[in-house]
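Some notes on the structure that comes next.
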Amino acid sequence: MGQSLQVALIKGDGIGVDVSEAALALLDAALQKTGQTRISYREIAAGAGYFSETGRDIETGGEQAAGQADAIFLGAIGLPTIRHADGTEISPHLRLRDIYQLYAGVRPVRAYPNAPQRLADPRARDIDLVILRESTEGLFYSAAVHGRSEVIDDQEVRDVLRITRSTTEKLHRFGFELARKRKQRGSPGKLTCVDKANVFVSMAFFRQIYDEIASDYPDITTDYNYVDAQALDLIRRPWEFDVLVTENMFGDILSDLAGGLVGGMGMAACAEIGDHTGLFQPAHGSAPDIMGADRANPLAAILSAALMLEYLAQKTDRPALLDAAGLIDAAVYQGFAQNRIRPLEFGGNMGTRAVTRELLTLL
Ligand SMILES: NC(=O)c1ccc[n+]([C@@H]2O[C@H](COP(=O)([O-])OP(=O)(O)OC[C@H]3O[C@@H](n4cnc5c(N)ncnc54)[C@H](O)[C@@H]3O)[C@@H](O)[C@H]2O)c1
């Protein structure tokens with residue numbers, strides 16, 4: 001059994017609260033079913049609602065508490081109507097990414113039976129890839145949140161695309177390890193380096209480091225694509241890709257495109273992993289247009305919880321947690337295959353609670 005695991009829990013705003021509760025219900029059930037230590041949650045108040053009540057975007061000491069836990073789980077943060085004086089939104093979660101250097105952004109993209117399939121080609125049912133988006137530097141290095149843009153007299157603005165050896169080595173290694181793990185489960189074992197190495201020196205450097213790391217992984221097929229060609233190929237032949245590794249901004253754009261191929265925001269799970277901790281959250285926001293209405297699709301949050309179990313399995317050396325993650329993944333897959341989960345988001349008749357209940361039954 002071992003020591004109990006602690007997860008920092010930030011439910012946040014809007015549907016973030018509902019989908020977090022759905023994910024926790026599935027987590028607890030999967031751990032119980034596989035006879036494992038329960039997770040204890042350290043709830044941290046943060047978000048736009050909290051800001052409007054207290055003037056702070058996260059409780060005092062919240063960032064430190066988040067880093068002390070074994071992992072962080074987040075629902076969603078932000079409400080467009082609540083802003084700082086400069087017009088920007090409340091986003092303490094972006095600080096967490098920075099403080100804990102969560103460089104590896106993992107976005108799985110998988111087609112489920114009976115879920116929306118946007119491409120007419122029947123092979124679209126075989127889409128099963130992961131976009132690995134570097135999440136601390138690249139073209140987001142000088143993004144607004146960091147305040148590092150160079151503004152010259154209201155005449156010119158310069159943003160910097162930053163690629164460092166240390167982060168890129170870790171990123172590519174993470175990508176090869178991920179491809180290897182997936183290969184053990186039947187995936188092709190291929191890592192595609194998505195860049196613009198034909199034009200940018202920074203991107204040629206990104207590719208050079210990819211090649212250096214590749215020599216440690218002879219069992220993984222190497223592959224290259226320029227980002228513009230990759231956009232085309234995600235429409236033309238997405239079923240041929242396994243893991244794609246790319247710079248921050250390219251990954252930001254491609255992961256939404258890829259997510260659109262297999263449904264919508266309600267399926268977009270996400271892990272952000274650094275050397276010391278990982279943050280797991282659905283890629284969607286607080287969805288103020290449907291909040292409080294039991295209409296949110298909780299699957300992105302639930303699949304993110306499964307990613308968290310996989311991460312904890314490795315981090316805390318408890319391989320049995322992989323069984324619990326597998327149970328959650330299988331319940332979602334079977335739920336779709338047997339047409340037992342039909343989220344409102346995809347024109348079905350099941351709200352957040354109904355989808356969660358059915359998954360618990362399946363599990
Ligand atoms: N990581 C985060 O916490 C995060 C990410 C994106 C946006 N936001 C914040 O969320 C707020 C709303 O942003 P937005 O409207 O641009 O994006 P959003 O993802 O909240 O919503 C976009 C659209 O997708 C729908 N949608 C999203 N998740 C869904 C789900 N699980 N089930 C069914 N439908 C779903 C919404 O109803 C809406 O129509 C903003 O304050 C924004 O800053 C937070």
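Rule-based calculations on the coordinates, nothing more; no lab input. A quick note: this is a predicted structure, and the numbers were derived from the prediction, not measured. Note that each Cβ is placed from the backbone with ideal geometry, even for glycine, and that neighbours are counted across all protein chains shown.
Some notes on this structure:
- Whole-Å distance, taken between Cα centres, linking the range 111-185 and the range 35-75: 25 Å
- The orientation-averaged projection of the convex hull spanning the C-alpha atoms of the chain amounts to 18.6 square nanometres.
- Modelled FRET efficiency - R0 25 Å, Ala124 with Ala330, Cβ distances, 0.05 increments: 0.70
- From the C-alpha gyration tensor of the range 1-73, square roots of 5λ in Å: 26, 15, 6
- Each Lys and Arg contributes +1 and each Asp and Glu -1, all at the Cβ; summed about the Cα centre of the range 320-363, the dipole is approximately 200 debye.
- Listed residue pairs exceeding 30 Å between alpha carbons, taken from Lys11/Lys315; Lys11/Lys33; Lys183/Lys315; Lys11/Lys196; Lys11/Lys190; Lys170/Lys196: Lys11/Lys196; Lys11/Lys190
- Shape category assigned to the range 3-132 from the gyration tensor of Cα positions, a/c cut at 1.5: oblate
- Cα pair count fraction exceeding 16 Å, expressed as % - the range 135-202: 62 percent
- For the chain, calculated [θ]222 nm from helices alone, where every DSSP H run of n ≥ 4 adds -39500 (n - 2.57): -12500 deg cm²/dmol
- Above 22 Å, the calculated P(r) of the range 255-363 contains 34 percent of its Cα-Cα pairs.
- Across the alpha-carbon atoms of the range 228-285, the computed radius of gyration and Dmax are 12.5, 38 angstrom.
- Projected over every direction and averaged, the convex hull enclosing the alpha-carbon atoms of the range 117-261 yields 9.8 nm².
- Considering only Ala76, Pro108, Gly87, and ranking their Cα positions along the charge dipole of the range 75-116 that arises from unit charges at the beta-carbon of Lys, Arg, Asp and Glu, the one farthest toward the positive end is Pro108.
- Overall, the chain carries a charge dipole of about 1180 debye about its Cα centre when +1 sits on the Cβ of Lys and Arg and -1 on the Cβ of Asp and Glu, all other atoms neutral.
- Within the range 118-259: Cβ-based charge dipole about Cα centre, in debye rounded to nearest 20 (Lys, Arg +1; Asp, Glu -1): 660 debye
- A cut-off under 13 angstrom between Cβ atoms defines the neighbours of Leu360, and their net charge, with Lys, Arg +1 and Asp, Glu -1, is +1.
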